[in-house]
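So the structure is just underneath, and the comments pick up after that.
The values are calculated or read from the model by the stated rules, or taken from the named source; none is laboratory data. Note that the structure is predicted; figures quoted are calculated from it, not measured. Counting neighbours? That spans all protein chains shown, and the Cβs are built from the backbone with ideal geometry, glycine included.
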Amino acid sequence: MINHNLKEKAVHKLDHNSKRALSVLSWTLAAIIVGLVVGAFATAFGLSMRYVIKTREAYPWLIFFLPVGAVIITFIYKKVLKEKDSGTNTVIAAIQSDVKLPFRLAPLIFIATLITHLVGGSAGREGAALQMGGSIGVGIGRVLRLNPTDKKTMIMCGMSAAFSALFGTPMAAAIFSMEVISVGIMHYAALVPCVISSLVARAVASYFGLGAEDYIIPLIPTFGIQNAVLISIFAVLCGFVSILFCTCLHKYEEFLATKLTNPYLKAVIGGTSVLLLTLLVGSQTYNSTGTAIIESCFTGAAIGLHFFLLKIIFTTLTLSCGYKGGEIVPTLFIGATFGAAVGPLLGLPAPLVAAVGMGALFCGVTNCPISSLLICFELFGYEPMPYFLLAVAFSYWVSGYSGLYRAQKIVYSKYKSNFINKDVQ
(Lines give C-alpha, C1' and ligand atoms only; values in the text may rest on other atoms or scores of the structure.)
Protein backbone atom coordinates (compact mmCIF):
# COMPACT_ATOMS: atom_id res chain seq x y z
CA MET A 1 0.00 0.00 0.00
CA ILE A 2 2.83 2.36 0.92
CA ASN A 3 4.66 1.55 -2.31
CA HIS A 4 1.47 2.20 -4.29
CA ASN A 5 1.04 5.65 -2.68
CA LEU A 6 4.67 6.50 -3.33
CA LYS A 7 4.26 5.43 -6.94
CA GLU A 8 1.14 7.64 -7.32
CA LYS A 9 2.98 10.62 -5.84
CA ALA A 10 5.92 10.07 -8.19
CA VAL A 11 3.60 9.88 -11.21
CA HIS A 12 1.76 13.01 -10.05
CA LYS A 13 5.05 14.88 -9.56
CA LEU A 14 6.30 13.76 -12.96
CA ASP A 15 3.03 14.87 -14.57
CA HIS A 16 3.27 18.24 -12.78
CA ASN A 17 6.86 18.75 -13.92
CA SER A 18 5.92 17.82 -17.48
CA LYS A 19 3.13 20.38 -17.49
CA ARG A 20 5.45 23.02 -16.09
CA ALA A 21 8.10 22.23 -18.71
CA LEU A 22 5.45 22.43 -21.44
CA SER A 23 4.24 25.77 -20.05
CA VAL A 24 7.79 27.17 -20.04
CA LEU A 25 8.33 26.00 -23.62
CA SER A 26 4.99 27.43 -24.75
CA TRP A 27 5.66 30.81 -23.17
CA THR A 28 9.17 30.90 -24.60
CA LEU A 29 7.84 30.33 -28.11
CA ALA A 30 5.03 32.85 -27.62
CA ALA A 31 7.47 35.45 -26.30
CA ILE A 32 9.77 34.91 -29.28
CA ILE A 33 6.84 35.37 -31.67
CA VAL A 34 5.83 38.61 -29.92
CA GLY A 35 9.43 39.83 -29.99
CA LEU A 36 9.76 39.13 -33.72
CA VAL A 37 6.40 40.61 -34.75
CA VAL A 38 6.45 43.65 -32.46
CA GLY A 39 10.16 44.17 -33.09
CA ALA A 40 9.56 44.33 -36.85
CA PHE A 41 6.55 46.62 -36.45
CA ALA A 42 8.36 48.92 -33.99
CA THR A 43 11.45 49.01 -36.20
CA ALA A 44 9.35 50.07 -39.18
CA PHE A 45 7.81 52.74 -36.97
CA GLY A 46 11.19 53.94 -35.70
CA LEU A 47 12.68 54.19 -39.19
CA SER A 48 9.54 55.96 -40.43
CA MET A 49 9.82 58.40 -37.54
CA ARG A 50 13.41 59.12 -38.49
CA TYR A 51 12.37 59.87 -42.08
CA VAL A 52 9.39 62.02 -41.04
CA ILE A 53 11.46 64.15 -38.64
CA LYS A 54 14.15 64.70 -41.29
CA THR A 55 11.46 65.70 -43.77
CA ARG A 56 9.98 68.27 -41.37
CA GLU A 57 13.44 69.68 -40.65
CA ALA A 58 14.12 69.94 -44.40
CA TYR A 59 10.78 71.69 -45.00
CA PRO A 60 10.11 73.98 -42.01
CA TRP A 61 6.92 75.31 -43.64
CA LEU A 62 5.20 72.02 -42.74
CA ILE A 63 4.70 73.56 -39.31
CA PHE A 64 1.81 75.60 -40.75
CA PHE A 65 -0.14 72.34 -41.17
CA LEU A 66 -0.32 71.79 -37.40
CA PRO A 67 -4.11 72.48 -37.21
CA VAL A 68 -4.73 70.31 -40.29
CA GLY A 69 -2.77 67.44 -38.77
CA ALA A 70 -4.81 67.55 -35.57
CA VAL A 71 -8.08 67.46 -37.52
CA ILE A 72 -6.91 64.52 -39.66
CA ILE A 73 -5.89 62.52 -36.57
CA THR A 74 -9.21 63.27 -34.87
CA PHE A 75 -11.11 62.16 -37.98
CA ILE A 76 -9.14 58.92 -38.29
CA TYR A 77 -9.75 57.94 -34.67
CA LYS A 78 -13.46 58.76 -34.73
CA LYS A 79 -14.08 56.86 -37.96
CA VAL A 80 -11.86 53.83 -37.38
CA LEU A 81 -11.51 53.30 -33.63
CA LYS A 82 -15.11 54.44 -32.95
CA GLU A 83 -14.47 54.59 -29.22
CA LYS A 84 -12.69 56.91 -26.82
CA ASP A 85 -8.93 56.58 -26.92
CA SER A 86 -7.05 57.22 -23.68
CA GLY A 87 -3.57 56.55 -25.00
CA THR A 88 -1.27 54.46 -22.84
CA ASN A 89 -3.95 54.44 -20.13
CA THR A 90 -5.95 52.10 -22.36
CA VAL A 91 -3.10 49.57 -22.38
CA ILE A 92 -2.60 49.76 -18.61
CA ALA A 93 -6.35 49.39 -18.01
CA ALA A 94 -6.43 46.33 -20.29
CA ILE A 95 -3.89 44.59 -18.04
CA GLN A 96 -5.62 45.60 -14.80
CA SER A 97 -9.12 44.59 -15.91
CA ASP A 98 -11.08 43.26 -18.88
CA VAL A 99 -11.00 46.54 -20.82
CA LYS A 100 -10.85 45.73 -24.54
CA LEU A 101 -7.63 46.54 -26.36
CA PRO A 102 -8.42 46.49 -30.11
CA PHE A 103 -5.76 45.23 -32.51
CA ARG A 104 -6.52 48.10 -34.93
CA LEU A 105 -5.01 50.45 -32.36
CA ALA A 106 -1.53 49.46 -33.60
CA PRO A 107 -1.77 50.82 -37.18
CA LEU A 108 -3.82 53.80 -35.94
CA ILE A 109 -1.22 54.99 -33.44
CA PHE A 110 1.52 54.30 -36.02
CA ILE A 111 -0.07 56.63 -38.61
CA ALA A 112 -1.28 59.26 -36.13
CA THR A 113 2.12 59.62 -34.45
CA LEU A 114 3.85 60.05 -37.81
CA ILE A 115 1.37 62.81 -38.71
CA THR A 116 1.99 64.48 -35.34
CA HIS A 117 5.73 64.64 -35.93
CA LEU A 118 5.46 65.54 -39.61
CA VAL A 119 3.62 68.76 -38.76
CA GLY A 120 5.70 69.49 -35.66
CA GLY A 121 3.67 68.40 -32.66
CA SER A 122 5.69 68.26 -29.43
CA ALA A 123 5.42 64.62 -28.42
CA GLY A 124 7.43 61.46 -27.99
CA ARG A 125 7.22 57.99 -29.41
CA GLU A 126 6.94 55.69 -26.39
CA GLY A 127 3.18 56.18 -26.20
CA ALA A 128 2.95 54.81 -29.70
CA ALA A 129 5.38 52.01 -28.81
CA LEU A 130 3.45 50.87 -25.74
CA GLN A 131 0.09 51.00 -27.53
CA MET A 132 1.41 49.23 -30.63
CA GLY A 133 3.16 46.57 -28.59
CA GLY A 134 0.19 46.01 -26.31
CA SER A 135 -2.38 45.74 -29.11
CA ILE A 136 -0.17 43.41 -31.18
CA GLY A 137 0.53 41.30 -28.09
CA VAL A 138 -3.15 40.84 -27.33
CA GLY A 139 -3.81 40.12 -31.03
CA ILE A 140 -1.25 37.31 -30.98
CA GLY A 141 -2.85 36.09 -27.75
CA ARG A 142 -6.19 35.80 -29.52
CA VAL A 143 -4.62 33.87 -32.39
CA LEU A 144 -3.01 31.47 -29.90
CA ARG A 145 -6.38 31.23 -28.08
CA LEU A 146 -4.96 32.15 -24.70
CA ASN A 147 -7.17 32.72 -21.69
CA PRO A 148 -7.78 36.31 -20.43
CA THR A 149 -5.04 36.12 -17.79
CA ASP A 150 -2.42 34.95 -20.27
CA LYS A 151 -3.52 37.62 -22.76
CA LYS A 152 -2.57 40.24 -20.17
CA THR A 153 0.90 38.75 -20.02
CA MET A 154 1.06 38.98 -23.81
CA ILE A 155 0.19 42.68 -23.57
CA MET A 156 3.13 43.20 -21.23
CA CYS A 157 5.40 41.23 -23.58
CA GLY A 158 4.33 43.47 -26.46
CA MET A 159 4.96 46.61 -24.42
CA SER A 160 8.45 45.41 -23.48
CA ALA A 161 9.27 44.47 -27.06
CA ALA A 162 8.21 47.80 -28.55
CA PHE A 163 9.92 49.86 -25.84
CA SER A 164 13.14 47.87 -26.28
CA ALA A 165 13.15 48.10 -30.07
CA LEU A 166 12.65 51.87 -30.11
CA PHE A 167 14.79 52.97 -27.17
CA GLY A 168 17.51 50.33 -27.22
CA THR A 169 17.17 49.64 -23.49
CA PRO A 170 16.14 45.98 -23.18
CA MET A 171 16.69 45.72 -19.41
CA ALA A 172 14.52 48.73 -18.61
CA ALA A 173 11.95 47.69 -21.22
CA ALA A 174 11.56 44.21 -19.72
CA ILE A 175 10.93 45.59 -16.24
CA PHE A 176 8.94 48.71 -17.16
CA SER A 177 5.87 46.89 -18.46
CA MET A 178 5.64 44.91 -15.20
CA GLU A 179 6.37 47.87 -12.92
CA VAL A 180 4.20 50.58 -14.47
CA ILE A 181 0.86 48.78 -14.03
CA SER A 182 0.61 48.88 -10.23
CA VAL A 183 2.99 50.92 -8.10
CA GLY A 184 4.21 48.85 -5.18
CA ILE A 185 3.94 45.40 -6.74
CA MET A 186 5.59 43.68 -9.69
CA HIS A 187 3.93 41.20 -12.07
CA TYR A 188 6.76 38.68 -11.82
CA ALA A 189 4.80 35.98 -13.63
CA ALA A 190 5.52 37.91 -16.82
CA LEU A 191 9.26 38.25 -16.16
CA VAL A 192 10.64 35.52 -18.42
CA PRO A 193 8.29 36.25 -21.38
CA CYS A 194 8.95 40.00 -21.12
CA VAL A 195 12.73 39.48 -20.99
CA ILE A 196 12.66 37.20 -24.04
CA SER A 197 10.39 39.51 -26.04
CA SER A 198 12.51 42.53 -25.12
CA LEU A 199 15.80 40.92 -26.20
CA VAL A 200 14.36 39.48 -29.42
CA ALA A 201 12.78 42.80 -30.41
CA ARG A 202 16.03 44.66 -29.73
CA ALA A 203 17.90 42.16 -31.92
CA VAL A 204 15.40 42.72 -34.74
CA ALA A 205 15.76 46.51 -34.45
CA SER A 206 19.57 46.29 -34.46
CA TYR A 207 19.54 44.02 -37.50
CA PHE A 208 17.57 46.59 -39.50
CA GLY A 209 19.75 49.50 -38.42
CA LEU A 210 17.67 51.07 -35.65
CA GLY A 211 20.44 51.94 -33.23
CA ALA A 212 20.20 52.48 -29.49
CA GLU A 213 20.50 55.88 -27.84
CA ASP A 214 24.03 56.59 -26.63
CA TYR A 215 25.12 59.50 -24.44
CA ILE A 216 28.62 60.19 -23.12
CA ILE A 217 29.30 61.87 -19.78
CA PRO A 218 32.81 63.35 -20.17
CA LEU A 219 33.49 63.99 -16.48
CA ILE A 220 32.17 62.13 -13.44
CA PRO A 221 33.40 63.69 -10.18
CA THR A 222 34.10 61.55 -7.13
CA PHE A 223 30.95 60.75 -5.20
CA GLY A 224 31.31 62.20 -1.70
CA ILE A 225 29.14 63.75 0.98
CA GLN A 226 29.05 67.19 -0.63
CA ASN A 227 28.07 65.88 -4.07
CA ALA A 228 25.56 63.51 -2.49
CA VAL A 229 23.84 66.45 -0.78
CA LEU A 230 23.86 68.51 -3.99
CA ILE A 231 22.39 65.68 -6.07
CA SER A 232 19.75 65.06 -3.40
CA ILE A 233 18.71 68.72 -3.58
CA PHE A 234 18.56 68.50 -7.36
CA ALA A 235 16.52 65.27 -7.20
CA VAL A 236 13.99 66.94 -4.90
CA LEU A 237 13.65 69.73 -7.46
CA CYS A 238 13.17 67.10 -10.17
CA GLY A 239 10.34 65.59 -8.13
CA PHE A 240 8.59 68.96 -8.09
CA VAL A 241 9.18 69.46 -11.82
CA SER A 242 7.62 66.06 -12.53
CA ILE A 243 4.55 67.09 -10.51
CA LEU A 244 4.39 70.35 -12.50
CA PHE A 245 4.56 68.49 -15.82
CA CYS A 246 1.90 65.92 -14.92
CA THR A 247 -0.38 68.57 -13.42
CA CYS A 248 -0.15 70.75 -16.53
CA LEU A 249 -1.01 67.82 -18.79
CA HIS A 250 -3.97 66.62 -16.74
CA LYS A 251 -5.45 69.99 -15.82
CA TYR A 252 -5.26 71.43 -19.32
CA GLU A 253 -6.78 68.27 -20.76
CA GLU A 254 -9.64 68.54 -18.25
CA PHE A 255 -10.08 72.22 -19.09
CA LEU A 256 -10.38 71.53 -22.82
CA ALA A 257 -12.74 68.60 -22.21
CA THR A 258 -15.17 70.87 -20.33
CA LYS A 259 -14.88 73.94 -22.55
CA LEU A 260 -14.60 72.30 -25.99
CA THR A 261 -16.89 69.32 -26.42
CA ASN A 262 -16.51 69.28 -30.22
CA PRO A 263 -13.33 67.27 -30.91
CA TYR A 264 -12.73 68.96 -34.28
CA LEU A 265 -12.94 72.42 -32.75
CA LYS A 266 -10.57 71.31 -30.02
CA ALA A 267 -8.17 70.01 -32.68
CA VAL A 268 -8.20 73.28 -34.60
CA ILE A 269 -7.73 75.44 -31.51
CA GLY A 270 -5.05 73.15 -30.10
CA GLY A 271 -3.12 72.91 -33.36
CA THR A 272 -3.31 76.67 -33.85
CA SER A 273 -2.06 77.31 -30.32
CA VAL A 274 1.02 75.12 -30.92
CA LEU A 275 1.63 76.91 -34.23
CA LEU A 276 1.32 80.38 -32.70
CA LEU A 277 3.63 79.46 -29.82
CA THR A 278 6.20 78.12 -32.31
CA LEU A 279 6.08 81.37 -34.29
CA LEU A 280 6.33 83.39 -31.07
CA VAL A 281 9.41 81.46 -29.92
CA GLY A 282 10.94 81.94 -33.39
CA SER A 283 12.33 78.42 -33.81
CA GLN A 284 11.23 74.78 -33.88
CA THR A 285 13.48 73.80 -30.98
CA TYR A 286 10.57 72.50 -28.92
CA ASN A 287 8.62 70.76 -31.67
CA SER A 288 8.69 67.00 -32.30
CA THR A 289 10.93 64.85 -30.05
CA GLY A 290 13.72 67.35 -29.47
CA THR A 291 16.40 64.65 -29.36
CA ALA A 292 18.97 67.04 -30.86
CA ILE A 293 18.58 69.29 -27.81
CA ILE A 294 18.96 66.32 -25.47
CA GLU A 295 22.22 65.42 -27.22
CA SER A 296 23.45 69.03 -26.95
CA CYS A 297 23.13 68.82 -23.16
CA PHE A 298 26.09 66.41 -23.24
CA THR A 299 28.28 68.49 -25.54
CA GLY A 300 28.59 71.69 -23.50
CA ALA A 301 25.90 73.73 -25.27
CA ALA A 302 24.44 76.65 -23.33
CA ILE A 303 21.08 75.61 -21.88
CA GLY A 304 18.84 78.04 -20.00
CA LEU A 305 16.07 77.33 -17.51
CA HIS A 306 13.48 78.42 -20.06
CA PHE A 307 14.17 75.28 -22.13
CA PHE A 308 12.43 72.86 -19.79
CA LEU A 309 9.56 75.26 -19.08
CA LEU A 310 8.82 75.80 -22.77
CA LYS A 311 8.93 72.07 -23.44
CA ILE A 312 6.32 71.52 -20.72
CA ILE A 313 4.07 74.11 -22.36
CA PHE A 314 4.57 72.79 -25.90
CA THR A 315 3.92 69.18 -24.88
CA THR A 316 0.87 70.12 -22.82
CA LEU A 317 -0.68 71.99 -25.75
CA THR A 318 0.14 69.16 -28.16
CA LEU A 319 -1.09 66.11 -26.26
CA SER A 320 -4.24 67.75 -24.91
CA CYS A 321 -5.84 68.50 -28.26
CA GLY A 322 -5.78 65.23 -30.19
CA TYR A 323 -2.20 64.68 -31.37
CA LYS A 324 -0.68 61.26 -30.71
CA GLY A 325 2.73 60.29 -29.47
CA GLY A 326 3.93 60.01 -25.92
CA GLU A 327 5.18 61.86 -22.88
CA ILE A 328 8.42 60.00 -22.12
CA VAL A 329 10.73 61.61 -24.70
CA PRO A 330 9.46 65.07 -23.69
CA THR A 331 10.13 63.98 -20.10
CA LEU A 332 13.72 63.12 -21.01
CA PHE A 333 14.04 66.49 -22.77
CA ILE A 334 12.73 68.29 -19.66
CA GLY A 335 15.04 66.34 -17.34
CA ALA A 336 18.12 66.82 -19.53
CA THR A 337 17.64 70.56 -20.06
CA PHE A 338 16.70 71.15 -16.41
CA GLY A 339 19.84 69.29 -15.31
CA ALA A 340 22.10 71.03 -17.84
CA ALA A 341 20.83 74.43 -16.61
CA VAL A 342 20.95 73.69 -12.87
CA GLY A 343 24.19 71.62 -12.84
CA PRO A 344 26.61 74.55 -13.21
CA LEU A 345 24.68 76.47 -10.53
CA LEU A 346 25.40 73.60 -8.14
CA GLY A 347 29.04 73.40 -9.21
CA LEU A 348 28.55 70.04 -10.92
CA PRO A 349 29.25 69.10 -14.57
CA ALA A 350 26.25 69.88 -16.76
CA PRO A 351 26.34 66.54 -18.68
CA LEU A 352 26.30 64.52 -15.44
CA VAL A 353 23.38 66.45 -13.98
CA ALA A 354 21.56 66.28 -17.33
CA ALA A 355 21.81 62.48 -17.18
CA VAL A 356 20.67 62.46 -13.56
CA GLY A 357 17.78 64.76 -14.51
CA MET A 358 16.62 62.39 -17.23
CA GLY A 359 16.51 59.45 -14.81
CA ALA A 360 14.92 61.44 -11.98
CA LEU A 361 12.19 62.94 -14.20
CA PHE A 362 11.46 59.55 -15.76
CA CYS A 363 10.97 58.13 -12.28
CA GLY A 364 8.89 61.08 -11.11
CA VAL A 365 6.35 60.86 -13.94
CA THR A 366 6.13 57.07 -14.27
CA ASN A 367 6.53 56.02 -10.61
CA CYS A 368 8.91 53.29 -11.77
CA PRO A 369 12.17 53.52 -9.77
CA ILE A 370 13.69 50.20 -10.88
CA SER A 371 13.05 50.89 -14.57
CA SER A 372 14.42 54.41 -14.12
CA LEU A 373 17.64 53.10 -12.63
CA LEU A 374 18.03 50.51 -15.37
CA ILE A 375 17.43 53.04 -18.15
CA CYS A 376 20.16 55.23 -16.64
CA PHE A 377 22.60 52.32 -16.66
CA GLU A 378 21.78 51.44 -20.28
CA LEU A 379 21.97 55.02 -21.55
CA PHE A 380 24.93 56.32 -19.54
CA GLY A 381 26.84 53.36 -18.09
CA TYR A 382 27.39 52.19 -14.50
CA GLU A 383 30.12 54.57 -13.34
CA PRO A 384 27.72 57.33 -12.16
CA MET A 385 25.62 54.71 -10.31
CA PRO A 386 25.59 56.45 -6.87
CA TYR A 387 24.27 59.67 -8.43
CA PHE A 388 21.50 57.82 -10.28
CA LEU A 389 20.55 55.71 -7.27
CA LEU A 390 20.19 58.68 -4.94
CA ALA A 391 18.36 60.85 -7.49
CA VAL A 392 15.84 58.17 -8.47
CA ALA A 393 15.07 57.43 -4.81
CA PHE A 394 14.44 61.07 -3.89
CA SER A 395 12.45 61.81 -7.05
CA TYR A 396 10.22 58.77 -6.44
CA TRP A 397 9.61 59.94 -2.89
CA VAL A 398 8.99 63.62 -3.61
CA SER A 399 6.76 63.15 -6.70
CA GLY A 400 4.04 61.74 -4.45
CA TYR A 401 0.99 60.19 -6.09
CA SER A 402 1.13 62.17 -9.31
CA GLY A 403 1.97 60.52 -12.61
CA LEU A 404 1.43 60.49 -16.34
CA TYR A 405 -0.92 57.50 -16.46
CA ARG A 406 -4.20 57.85 -14.61
CA ALA A 407 -4.97 54.16 -15.09
CA GLN A 408 -1.89 53.36 -13.01
CA LYS A 409 -2.71 52.14 -9.50
CA ILE A 410 -0.77 53.09 -6.38
CA VAL A 411 -1.12 49.82 -4.50
CA TYR A 412 1.23 50.57 -1.59
CA SER A 413 2.06 53.89 0.01
CA LYS A 414 5.35 55.52 -0.97
CA TYR A 415 5.95 56.57 2.61
CA LYS A 416 4.69 53.73 4.82
CA SER A 417 4.27 49.98 4.46
CA ASN A 418 0.56 50.41 3.95
CA PHE A 419 -1.82 49.08 1.34
CA ILE A 420 -3.69 52.06 -0.15
CA ASN A 421 -4.78 51.13 -3.72
CA LYS A 422 -5.51 54.55 -5.21
CA ASP A 423 -5.47 55.96 -8.71
CA VAL A 424 -2.67 58.24 -9.87
CA GLN A 425 -3.64 61.90 -9.79
(request) Test each condition in (1) on the phi < 0 side of the Ramachandran plot; (2) touching a helix residue (DSSP H, G or I) at 6+ places or on another chain (Cβ under 8 Å) for GLY168 and report the one that comes out false. (result) (1)
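Every residue, every condition in (1) buried (at least 16 other Cβ atoms within 10 Å of the Cβ); (2) among the basic types (Lys, Arg); (3) over 20 Å from the mean Cα position of the chain (by Cα); (4) under 19 Å from PRO263 (Cα atoms), yes or no:
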site: VAL37; (1), (2), (3), (4): yes, no, no, no
site: PHE41; (1), (2), (3), (4): yes, no, no, no
site: PHE45; (1), (2), (3), (4): yes, no, no, no
site: TYR51; (1), (2), (3), (4): no, no, yes, no
site: ILE63; (1), (2), (3), (4): yes, no, yes, no
site: ALA70; (1), (2), (3), (4): yes, no, yes, yes
site: PHE75; (1), (2), (3), (4): no, no, yes, yes
site: ALA94; (1), (2), (3), (4): yes, no, no, no
(request) Kindly indicate the residue of the stretch 209-256 that is without any contact (Cβ under 8 Å) to a residue 24 or more places away in the chain and under 24 Å from the mean Cα position of the chain (by Cα) and also nearest to GLU327 (Cα to Cα) among those meeting that condition. (result) LYS251
(request) Determine the pairs where a residue that is touching a residue at least 24 places away in the same chain (Cβ under 8 Å), located within the stretch 362-378, has a partner that is in a helix (DSSP H, G or I) and among the polar types (S, T, N, Q) with Cβ atoms under 6 Å apart, the partner being 6 or more residues away or on another chain. (result) PHE362/THR331; PHE362/SER372; CYS363/SER372; CYS363/SER395; GLY364/SER242; GLY364/SER395; VAL365/SER242; VAL365/THR331
(message) I'd like the full set of residues that are part of a helix (DSSP H, G or I) and more than 23 Å from LYS414 (Cβ to Cβ), limited to the stretch 163-189.
(response) PHE163, SER164, ALA165, LEU166, PHE167, PRO170, MET171, ALA173, ALA174, ALA189
(request) State all residues of the stretch 287-300 that are touching a residue at least 24 places away in the same chain (Cβ under 8 Å) and aliphatic (A, V, I, L, M); if no residue qualifies, say none. (result) ILE293, ILE294
(request) With respect to THR299, determine if the residue is within 13 Å of HIS117 (Cβ to Cβ) and either surrounded by fewer than 24 Cβ atoms within 10 Å (Cβ to Cβ) or of a type in the set (A, V, I, L, M, F, W, C) (or both). (result) no
(message) Taking the criterion of being surrounded by fewer than 19 Cβ atoms within 10 Å (Cβ to Cβ), more than 18 Å from the chain's Cα centre (by Cα) and either of a type in the set (Ser, Thr, Tyr) or part of a loop (DSSP other than H, G, I, E, B) (or both), would at least one residue in the stretch 196-203 satisfy it?
(response) no
(message) All but one of (1) within 22 Å of GLY124 (Cα to Cα); (2) surrounded by fewer than 24 Cβ atoms within 10 Å (Cβ to Cβ); (3) without any contact (Cβ under 8 Å) to a residue 60 or more places away in the chain; (4) not polar (S, T, N, Q) hold for TYR188; state the number of the condition that does not hold.
(response) (1)
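When you check TYR405 against the structure, is it of a type in the set (Phe, Trp, Tyr), in contact with a Lys or Arg (Cβ under 8 Å, 6 or more places away or on another chain) and closer than 23 Å to SER164 by Cβ, yes or no?
Values: of a type in the set (Phe, Trp, Tyr): yes; in contact with a Lys or Arg (Cβ under 8 Å, 6 or more places away or on another chain): no; closer than 23 Å to SER164 by Cβ: yes.
No; evaluated as a whole, the condition is false for this residue.
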(request) Could you list all residues from the stretch 214-254 that are in the same structural domain as VAL353 (by TED's automatic domain parsing) and of a type in the set (Asp, Glu)? (result) GLU253, GLU254
(request) Name the single residue, out of those in the stretch 293-329 being in contact with a Phe, Trp or Tyr (Cβ under 7 Å, 6 or more places away or on another chain) and assigned to a loop (DSSP other than H, G, I, E, B), that is nearest to LEU275 (Cα to Cα). (result) SER320
(message) Here's a check for you: in the stretch 106-125, which residue that is buried (at least 24 other Cβ atoms within 10 Å of the Cβ) and closer than 15 Å to GLY158 by Cβ is modelled with the highest pLDDT?
(response) ILE109
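Only helices (runs of 4 or more DSSP H) wholly contained in the stretch 45-148 count here; list those with 3 or more residues that are within 26 Å of GLU179 (Cα to Cα). Step through it out loud before you land on a result.
Numbers: elements: 66-76, 88-96, 105-119, 126-143.
Per the criteria, 88-96, 105-119, 126-143.
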(request) Examine the stretch 345-359 for a residue that is within 25 Å of PHE45 (Cα to Cα) and either surrounded by fewer than 24 Cβ atoms within 10 Å (Cβ to Cβ) or hydrophobic (A, V, I, L, M, F, W, C) (or both), and state whether such a residue exists. (result) yes
(request) Quick one: TYR401 ticks every box in (1) more than 16 Å from the chain's Cα centre (by Cα); (2) outside any loop (DSSP other than H, G, I, E, B) except a single one, so which number is it? (result) (2)
(request) Within the stretch 201-211, track down each residue that is over 10 Å from ALA40 (Cα atoms) and touching a helix residue (DSSP H, G or I) at 6+ places or on another chain (Cβ under 6 Å). (result) LEU210
(message) For a quick check of your reading of the model, give me the residue pairs whose first member lies in the stretch 136-150 and is more than 18 Å from GLY39 (Cα to Cα), whose second is surrounded by 11 or more Cβ atoms within 10 Å (Cβ to Cβ), with beta-carbon atoms closer than 7 Å and at least 6 apart or on different chains.
(response) LEU144/ALA30; LEU146/MET154; ASP150/GLY141
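Evaluate the stretch 331-341: report whether one residue or more is out of contact with any Lys or Arg (no Cβ under 6 Å at 6 or more places or on another chain), without any contact (Cβ under 8 Å) to a residue 12 or more places away in the chain and assigned to a helix (DSSP H, G or I). First the steps, then the outcome.
Initially, the stretch 331-341 is screened for residues out of contact with any Lys or Arg (no Cβ under 6 Å at 6 or more places or on another chain), giving 331-332, 335-341.
Checking the rest, the ones that are also without any contact (Cβ under 8 Å) to a residue 12 or more places away in the chain come to none.
Scanning the stretch 331-341, I find no residue that is out of contact with any Lys or Arg (no Cβ under 6 Å at 6 or more places or on another chain), without any contact (Cβ under 8 Å) to a residue 12 or more places away in the chain and assigned to a helix (DSSP H, G or I), so the answer is no.
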(request) Might you check whether a residue that is assigned to a loop (DSSP other than H, G, I, E, B), assigned by TED's automatic domain parsing to the domain that holds SER296 and crowded, with 24+ Cβ neighbours inside 10 Å occurs anywhere in the stretch 374-395? (result) no
